[in-house]
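Step one of this worksheet: look at the structure below.
Here, each number is a calculation from the coordinates, and none is a lab measurement. Please read these numbers as outputs of a predicted model, since none were measured by experiment. FYI the Cβ positions are ideal-geometry reconstructions off the backbone, even for glycines, and counts take in every protein chain you see.
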Amino acid sequence: MSGRQDKDIFALAKERMLKWHLKGRDIVDPRVLAVMMEIPREEFVPQSHQSQTYSDGPLPIGMDQTISQPYIVALMTQELQVDSDCEVLEIGTGSGYQTAVLSKLAKKVYTIERFSELSEPAQAVINRLGIKNVEFYVGDGSCGWPEQRLPPSGCFDRIMITAGVPKMPEPLVKQLADGGFIAGPVGYEGVQGLVVCEKRADKLIERRICGVRFVPLLGKYGFEE
């Protein structure tokens, strides 16, 4: 199959994704819809699963991790209410697809990945796409961004957790700006809920969006290995 044919197939699949999996459900933010159409998801999907690139389901990317289904990526992005003034912390770079989506909406994205085997190829794709406002770090995401490398404000306007946690990790809550939002799957395997919290005077105002199922976040303030 030629490169042109591949592009045509992906373009049609992306249109179906937009119509049925995003607009057809509850994704209404025009900025999120535009970014989901702009970012080439196929760049982040392993060759072995290219035919499923725009299907509405998670796909394996190695290291027992997955790239989330398009709907969940769009939903979490919409719920986080990211704008061009936001500095965003992402916990779990994974394939880099969610990172790329956030980068198109935010001032800057700081992303942490536990596995260098995932972080390095994700960074390569991000660079290849010409995205310049992303900073990468390999380490325990449950502990937050390294203190010595925090943005000038010392905190983040938005935080997205892309793996399951038993509760919102305290270091992340500490690094969230007052009035900021943190979103992620909270709970145990099989019974997670996508939760969005707004920080007000050091307290979290929680809102549950829907049931989800993510791989666990391993780390000091996540799940034990």
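Taking amide H positions as modeled 1.01 Å from N, with prolines and chain starts lacking one, the residues under 5 Å from Leu176 and 5 or more places away or on another chain are Phe156.
Could you tell me what percent of the DSSP beta bridges with both partners in the chain are antiparallel, to the nearest 5? Write out the running numbers ahead of the final one.
On the way: 18 of 39 bridges.
In the chain, approximately 45 percent of DSSP beta bridges are antiparallel ones.
Of the residues Thr77, Thr66, Ser142, the one whose Cα sits farthest toward the positive end of the charge dipole of the stretch 3-212, with +1 on the Cβ of Lys and Arg and -1 on the Cβ of Asp and Glu, is Thr77. For the chain, adding -39500 (n - 2.57) for each run of n ≥ 4 DSSP H residues and dividing by the number of residues yields -8000 deg cm²/dmol at 222 nm. In terms of packing, defined here as the mean over residues of other Cβ atoms within 10 angstrom, the peptides 45-54, 199-208 line up highest first as 45-54, 199-208. Contact order, relative form, for the chain: 14 percent (alpha carbon pairs under 8 Å, 6 or more residues apart, mean separation divided by residue count). Helix 116-128 and the long axis of the chain differ in direction by around 60°, with both axes built from C-alpha atoms. For the stretch 3-212, build the charge dipole from Cβ charges (+1 Lys, Arg; -1 Asp, Glu) around the Cα centre, then report which of Cys155, His21, Pro121 sits farthest towards its positive end. So the residue furthest toward the plus end is His21. Across the stretch 38-78, C-alpha contacts under 8 Å between residues 6 or more apart give a mean separation that, scaled by the residue count, equals a relative contact order of 28 percent.
Working note: Karplus 6.51/-1.76/1.60 with θ = phi - 60° gives the stretch 146-157 the couplings x, 3, 6, 10, 5, x, x, 6, x, 7, 10, 6 Hz, where Gly and Pro are set to x. Principal semi-axes of the equivalent ellipsoid, √(5λ) from the alpha carbon gyration tensor of the stretch 30-72, are 20, 11, 9 Å from largest down.
Inter-part distance, the stretch 11-36 to the stretch 127-188, computed on C-alpha centroids, equals 26 Å. Peptides 189-196, 108-115 ordered by packing proxy, namely the average of other Cβ atoms within 10 Å per residue, highest first: 108-115, 189-196.
For the chain, the longest principal axis of the Cα atoms and the long axis of helix 70-80 meet at an angle of about 30 degrees.
Evaluated at q = 0.12, 0.15, 0.20 Å⁻¹, a Debye calculation over the C-alpha positions of the stretch 39-168 (equal weights, vacuum) places log10 I(q)/I(0) at -0.41, -0.66, -1.22. Look at Trp145, Trp20 and count the other Cβ atoms within 10 Å of each Cβ; fewest to most, that gives Trp20, Trp145. Restricting attention to the chain, lysine pairs at least eight places apart or on different chains and with alpha-carbon atoms under 22 angstrom apart total 20. Pair-distance distribution of the chain: all C-alpha pairs, bin width 10 Å, starting at 0; shares per bin in whole percent are 8, 35, 39, 14, 3, 0. Working ranking of peptides 214-222, 24-32, 155-163 by packing, defined as the average number of other Cβ atoms within 10 Å per residue, highest first, is 155-163, 214-222, 24-32.
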